[in-house]
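The values are calculated or read from the model by the stated rules, or taken from the named source; none is laboratory data. A quick note: this is a predicted structure, and the numbers were derived from the prediction, not measured. Here the Cβ positions follow ideal geometry from the backbone for every residue, glycine too, while neighbour counts run over all protein chains shown. Only protein heavy atoms, including side chains, enter the accessible area calculation; ligands, DNA and RNA are left aside. Shrake-Rupley method; radii C 1.70, N 1.55, O 1.52, S 1.80 Å.
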Amino acid sequence: MNGRASFFGLLKAAKAAGINEIDDQKKEDAKLASALLFDIAAALLEGDPKKMLAWTTVNLVEIANEFGVATADACQPSDMYKPLPPICDVGSPDFRWENFQDTVHDPGPIGPAVEDERKKVVAEKEQQSEIDRRLNPGGKRVV
């Protein structure tokens, strides 16, 4: 019950954050539009049509470029969906405890126990099982 309530709270918070972000973006768009209008009005008051045309063209190109970059960034897949390197695959020969151990913090009392268990697992894998001994009396491992 508490899990559902906390998940529902998380969804409500995510929705509120999304609404706030949309509102902030609308405010930014309104600021941009008003800035453009004020600049165009200033150019009209100066009375130099060449300057106004050049300024408008430059600004429109810059705005289009910024929106194009933002759109391209938003369309790229997240790094979360990229495959993990082979050292993260438990079945890979590159998977090693050394790649994941924390060398910054003290492992505390559990560190040596974890290392002992790792050594036990490695030793068990190296031993020939009873099934292997019966199937291959010469000592060659089946699995």
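Find the residue count for the stretch 88-100, including only residues that are in a helix (DSSP H, G or I) and at pLDDT below 80.
So the count comes out to 3.
Results for (1) assigned to a helix (DSSP H, G or I); (2) free of Cβ contacts under 8 Å to residues at least 12 places away in the same chain, shown as yes or no for each residue.
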position	(1), (2)
Phe8	yes, yes
Ala16	yes, yes
Ala33	yes, yes
Leu36	yes, no
Leu53	yes, yes
Thr71	yes, yes
Met80	yes, yes
Asp102	no, yes
Asp106	no, yes
State all residues of the stretch 1-15 that are of a type outside the set (Ser, Thr, Tyr), modelled with pLDDT of 80 or more and open to solvent by less than 100 Å² (accessible area, probe 1.4 Å); if no residue qualifies, say none. Ala5, Gly9, Leu11, Ala13, Ala14
